[in-house]
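Values in this text are rule-based calculations from the coordinates and carry no lab data. This is a predicted model, so every value here is computed, not measured. A quick note on method: Cβ atoms are made from the backbone with ideal geometry, for glycine too, and the neighbour counts reach across all protein chains shown.
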Amino acid sequence: MKQVHIFVSGRVQGVFYRANTRKKAKELGIKGWVRNLYDGRVEITAEGKEEDLKKFIEWCKKGPELAFVENIKVEWKDYKGNYKDFSVVR
């Protein structure tokens, strides 16, 4: 089990990126959260099996249909087990 902290930039707000991120995380059994940042980026903290997190990161690089991801920054961290679900934070 691992944790990743992700920042996604590009056209990622107003295109259902957070809702679709939550849906993808639930499909993969990943726990954590996603939120919009004031600078236009999306921030994600996710925990799960390393192989599932790698699939999740690949999805984040593309995002939903209307998104245009310009850059993604991923930081791997130790698993903490702090989350019971995957939520959209406002």
| message | Rounding to the nearest 10 and keeping the result within 0 to 90°, find how far the Cα-based axis of helix 50-62 lies from the longest principal axis of the chain. | response | 0
| On a 0 to 90 degree scale, rounded to 10, what angle separates helix 17-28 from the longest Cα axis of the chain? | 30
| message | I want to make sure I understand the PRE zone here: with the label point 7 angstrom from the Cα of residue 26 toward its beta carbon, which residues in the range 50-88 have backbone N atoms less than 14 Å away? | response | 85-88
| note | Around residue 66 (Cβ within 14 Å, Cβ-to-Cβ, excluding residue 66; K/R +1, D/E -1) the net charge comes to +2
| query | What is the local net charge at residue 10, summed over the other residues whose Cβ is closer than 13 Å to its Cβ (Lys, Arg +1; Asp, Glu -1)? | reply | +3
| task | Wrap a convex hull around the Cα atoms of the chain, take a quarter of its surface area, and give that in square nanometres. | result | 5.0
| note | Of all chymotrypsin sites (Phe, Trp or Tyr not before Pro) in the chain, the ones in DSSP coil with at most 10 other Cβ atoms within 10 Å are 38
| Normalised by the number of residues in the chain, what is the relative contact order in percent for Cα pairs under 8 Å and 6+ residues apart? | 47
